[in-house]
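Peer 1: Attaching a single structure in C-alpha cells format; questions to follow.
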Amino acid sequence: SGGGHDAKNLRVKLVLLGDSGVGKSCIVLRFVRGQFDPTSKVTVGASFLSQTIALQDSTTVKFEIWDTAGQERYASLAPLYYRGAAVAVVVYDITSPESFNKAQYWVKELQKHGSSDIVMALVGNKADLNEQRKVPVQDGIDYAEKNGMFFIETSAKTADNINELFECHAISDVVSVL
Ligand code: GDP
Ligand code: MG
C-alpha cells in the first residue's frame with residue numbers, strides 16, 4: 001500500500017460472547033464511554049454500540065460491537081451476531097470456573113460455525129477480584145494458545161487492559177488485511 005500514508009477508514013464487526021454476568025456489557029461500556037456502572041442492566045437479546053479509534057498512520061477503525069446476552073434462551077440467536085464478524089471476543093469471569101467452561105463451549109461453537117478467518121480473543125474479566133480468583137491465569141493462557149487465540153485479563157471496573165484488548169495484536173492483524 002505505497003508509503004502507508006493514505007488515510008483509511010476501516011470497519012470491524014466485533015461480537016462479544018460468554019456467560020451471563022461475566023462483564024461483557026461493562027467491558028463495552030468502559031471502552032465506548034469510559035464508564036463503569038455497577039448497577040448495569042442485564043442485556044436482553046443483544047445490543048449494538050460503535051466506537052471509532054484512530055491509529056498512528058491516520059487510519060481510523062470503527063468497531064461495530066455486538067454485545068450478546070449470554071443466557072441459554074438466546075443461544076440460538078448467537079449465529080446472527082457472530083456470522084460475518086471479523087473478531088469474536090469470548091469472555092469469562094476469573095472467579096467463575098463455570099464461566100470458563102462456558103467460554104470453551106463458545107470457542108468450539110465458533111470453530112464449528114464461525115467464519116474460518118475469524119480472529120478470536122479469550123478474555124478473563126474481573127481481574128480486580130484476584131483474591132477470589134478460581135481460574136488460574138495459566139489455564140487461560142494455555143487454552144488460548146491451544147486454540148490460536150489472543151489472551152488478555154481485563155477489569156471493566158478499574159479499566160485495566162480494556163483499551164489493550166481492543167488495540168491488541170489480534171485486532172491489528174484484522175485491520176491490516178482490510
Ligand atoms: P454481562 O452479562 O456479561 O453483560 O455482564 P455485565 O456487564 O452486566 O456485568 C455483570 C456484573 O458483573 C455486574 O454486576 C457488574 O457490575 C459486574 N462486573 C462487570 N465487570 C466487572 C469487573 O471487571 N470487576 C468487577 N468486580 N465486577 C464487574
Ligand atoms: Mg450484558
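Just so it is clear, none of the values below were taken in a lab; they were calculated from the coordinates. A quick note: this is a predicted structure, and the numbers were derived from the prediction, not measured. With ideal geometry, Cβ positions are generated from the backbone for all residues, glycine too; neighbour counts draw on all protein chains shown.
Peer 1: Measure off 7 Å from each Cα along the Cα-to-Cβ vector at Arg83 and Val32, then give the distance between these two points in nanometres to one decimal.
Peer 2: The modelled label-to-label distance comes out at 2.3 nm.
Peer 1: Another one. With +1 on each Lys and Arg Cβ and -1 on each Asp and Glu Cβ, how big is the dipole of segment 34-178 about its Cα centre, in debye rounded to the nearest 20? Mind showing how you got there, number by number?
Peer 2: Working: 12 positive and 19 negative charges, 103 e Å.
Computed about the Cα centre, the dipole is about 500 debye.
Peer 1: Does anything in segment 88-104 have its amide N under 11 Å from the 7 Å Cα→Cβ label point of Lys134, and if so which residues?
Peer 2: Backbone N within reach: 93-101.
Peer 1: Just to be sure I understand: with springs between alpha-carbon atoms less than 10 Å apart, which residue in Ser99, Ser50, Ser58 has the highest mean-square fluctuation in the Gaussian network model of the chain?
Peer 2: Ser58
Peer 1: If each residue of separation counts as 0.36 nm, what is the full-extension length gain between Glu98 and Arg11 once their alpha-carbon separation is subtracted?
Peer 2: Details: separation 87, 0.36 × 87 = 31.32 nm, distance 3.33 nm.
Between Glu98 and Arg11, full extension yields 28.0 nm more.
Peer 1: Positive end of the dipole of the chain, charges at C-beta (+1 Lys, Arg; -1 Asp, Glu), about the Cα centre: which of Val123, Asn147, Gly70 has its Cα farthest in that direction?
Peer 2: The Cα lying farthest towards the positive end belongs to Gly70.
Peer 1: For the chain, calculate the relative contact order in percent as a whole number, restricting contacts to Cα pairs under 8 Å that are 6 or more residues apart.
Peer 2: Values: 329 pairs, mean separation 43.2, N = 178.
Computed over the chain, the figure is 24 percent.
Peer 1: Only loop residues by DSSP count here, and only those with at most 10 other Cβ atoms within 10 Å; note down the GluC sites (Glu not before Pro) in segment 40-106 that meet that. Write out the running numbers ahead of the final one.
Peer 2: Working: sites: Glu64, Glu72, Glu98; in loops: none.
Here no GluC sites (Glu not before Pro) fit, given the DSSP loop and packing criteria.
Peer 1: Now for a separate question. Suppose R0 equals 41 Å. What FRET efficiency, 1/(1 + (r/R0)^6) with r the Cβ-Cβ distance, do Tyr105 and Ser58 give to the nearest 0.05? Walk me through the numbers before you get to the answer.
Peer 2: On the way: r = 40 Å, r/R0 = 0.99.
Efficiency, rounded to the nearest 0.05: 0.50.
Peer 1: A further question on this structure: Pairs Lys62/Lys102; Lys126/Lys146; Lys13/Lys108; Lys102/Lys134: which are spaced more than 25 Å apart, C-alpha to C-alpha?
Peer 2: Too far apart for the 25 Å limit: Lys62/Lys102.
Peer 1: Got a sec? Charge dipole of the chain, +1 on Cβ for Lys and Arg, -1 for Asp and Glu; which of Thr60, Thr43, Ala88 is way out at the positive end?
Peer 2: Positive-most Cα among the choices belongs to Thr43.
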